[in-house]
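The values are calculated or read from the model by the stated rules, or taken from the named source; none is laboratory data. Please read all numbers here as calculations on a predicted model, not as lab measurements. Because the Cβ atoms are built from the backbone with ideal geometry, glycine has one as well, and the counts that use them run over all protein chains shown. Accessible surface is based on the protein model in full, side chains and every heavy atom, while ligands, DNA and RNA are left aside. Shrake-Rupley method; radii C 1.70, N 1.55, O 1.52, S 1.80 Å.
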Amino acid sequence: SYPNIREIKFISKEKALSIYKEQNRDNPLLTEMVTASILPASFEVSASAPQVLEQIAQNFSSKTGQIDEIIYQKDIIQSLLNWTKIIRQSGLALVAAILAFAFLVNFTIISMKVTNRKEEIKISRLLGASKFYVKKPFLLEGIYYGFFGGVLGSTTSLLFFLNFKDSINTFFTPIEFVKFDPAFSLLVIFSSLSLGMFISLFASWISSNRFIKF
């Protein structure tokens, strides 16, 4: 009945014992006298929105006759939310700065190329070439810049992510802060390529349209 519940897993006494032994496999003294009978059965709740976990913990904490204990790591979750907020805000600011920089670079490069070929463009127009015909090479060049810029950026980001993923997750233990999802990675790469080509095409169109008015 709670929103944003991703999974509810029942952990039996036997399963709890196997988990306990796995966590303490390097210290046999902690596992010698432990049996399944002294470990509690439990439910492990996973949510796609951390806020709902606090609501569940508060509502079920009053049911003392049915539930022995609720383990809700509030400090860890709050730290996770704070870090997520900082990363999102920093990421948005970084993306906005990179997009503005990419636009200005493409705009400057295409403007210089249009200026250098001004006489050739005039002759082509006098011979009957349409505006789109003389603009097309610059637009295609902008798409080319955007595509290869997107490939370079996506590849660099993916390699950075794969290289530091384990270190990031270790810092946020026991929570898996980031995980590799091939489908999501492909979506990010596709989005980067599309956005890169669009920004470059838009910059090329503005630049060529500014100088090719006749």
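Could you list, ordered by first residue, the pairs with Cβ atoms under 9 Å in which the first is in segment 154-168 and under 16 Å from VAL188 (Cα atoms) and of a type in the set (A, V, I, L, M) and the second is assigned to a helix (DSSP H, G or I) and open to solvent by less than 60 Å² (accessible area, probe 1.4 Å), at least 6 apart or interchain?
Matching pairs, first to second residue: LEU158/SER185; LEU158/ILE189.
Kindly evaluate LYS15 against the criterion of being more than 23 Å from PHE177 (Cα to Cα) and in a helix (DSSP H, G or I).
So LYS15 fits the description; yes.
Would you please list the contacts, defined by Cβ atoms under 9 Å and residues six or more apart or on different chains, that run from a residue in segment 71-100 that is loosely packed, with under 10 Cβ neighbours inside 10 Å to a residue that is not acidic (Asp, Glu)?
Note: pairs meeting the criteria are ILE71/SER42; ILE71/ALA57.
Collect the residues in segment 138-154 that are open to solvent by 60 Å² or more (accessible area, probe 1.4 Å) and either under 14 Å from the mean Cα position of the chain (by Cα) or closer than 18 Å to ARG117 by Cβ (or both), keeping them in residue-number order. Don't jump to the end; show me each part of the working.
We begin by selecting, within segment 138-154, every residue open to solvent by 60 Å² or more (accessible area, probe 1.4 Å); these are 140, 144-145, 147-148, 152.
Within segment 138-154, LEU140, TYR144, TYR145 meet the criteria.
Here is a check on your reading of the model: is GLU44 open to solvent by 80 Å² or more (accessible area, probe 1.4 Å) and over 20 Å from GLU7 (Cβ atoms)?
Values: open to solvent by 80 Å² or more (accessible area, probe 1.4 Å): yes; over 20 Å from GLU7 (Cβ atoms): no.
Spelling it out, it is not the case that GLU44 is open to solvent by 80 Å² or more (accessible area, probe 1.4 Å) and over 20 Å from GLU7 (Cβ atoms).
Is there any pair with a first residue in segment 41-52 that is in contact (Cβ under 8 Å) with a residue 40 or more places away in the chain and a second that is not in a strand (DSSP E or B) whose Cβ atoms are under 6 Å apart and which are 6 or more apart or on different chains, and what are they?
ALA47/ASN4; ALA47/LEU53; SER48/ASN4; ALA49/ASN4; VAL52/TYR2; VAL52/ASN4
Kindly indicate whether PHE132 is of a type in the set (Phe, Trp, Tyr) and open to solvent by less than 70 Å² (accessible area, probe 1.4 Å). Steps first, please.
Working: of a type in the set (Phe, Trp, Tyr): yes; open to solvent by less than 70 Å² (accessible area, probe 1.4 Å): no.
When the stated conditions are applied, PHE132 does not pass them.
Considering only segment 1-29, how many residues are of a type outside the set (Phe, Trp, Tyr), open to solvent by less than 70 Å² (accessible area, probe 1.4 Å), touching a Leu at 6+ places or on another chain (Cβ under 8 Å) and modelled with pLDDT of 85 or more? Quick ask: steps written out before the conclusion?
First pass over segment 1-29, keeping only residues of a type outside the set (Phe, Trp, Tyr): 1, 3-9, 11-19, 21-29.
Right, trim to open to solvent by less than 70 Å² (accessible area, probe 1.4 Å) and you get 5, 11-12, 16-19, 24, 27.
Narrowing the set further to residues that are touching a Leu at 6+ places or on another chain (Cβ under 8 Å) leaves 16-17, 24.
From the residues that got through so far, the ones that are modelled with pLDDT of 85 or more too are 16-17.
Going through segment 1-29 one residue at a time, the tally reaches 2.
Hey, can you tell me all the residues within segment 113-129 that are open to solvent by less than 90 Å² (accessible area, probe 1.4 Å) and either among the aliphatic types (A, V, I, L, M) or over 16 Å from ILE206 (Cα atoms) (or both)? Explain how you work it out, then say what you get.
First, pick out the residues of segment 113-129 that are open to solvent by less than 90 Å² (accessible area, probe 1.4 Å): 113-115, 121-122, 124-125, 128-129.
If the condition is that a residue be open to solvent by less than 90 Å² (accessible area, probe 1.4 Å) and either among the aliphatic types (A, V, I, L, M) or over 16 Å from ILE206 (Cα atoms) (or both), then VAL114, ILE121, LYS122, SER124, ARG125, GLY128, ALA129 are the ones that fit.
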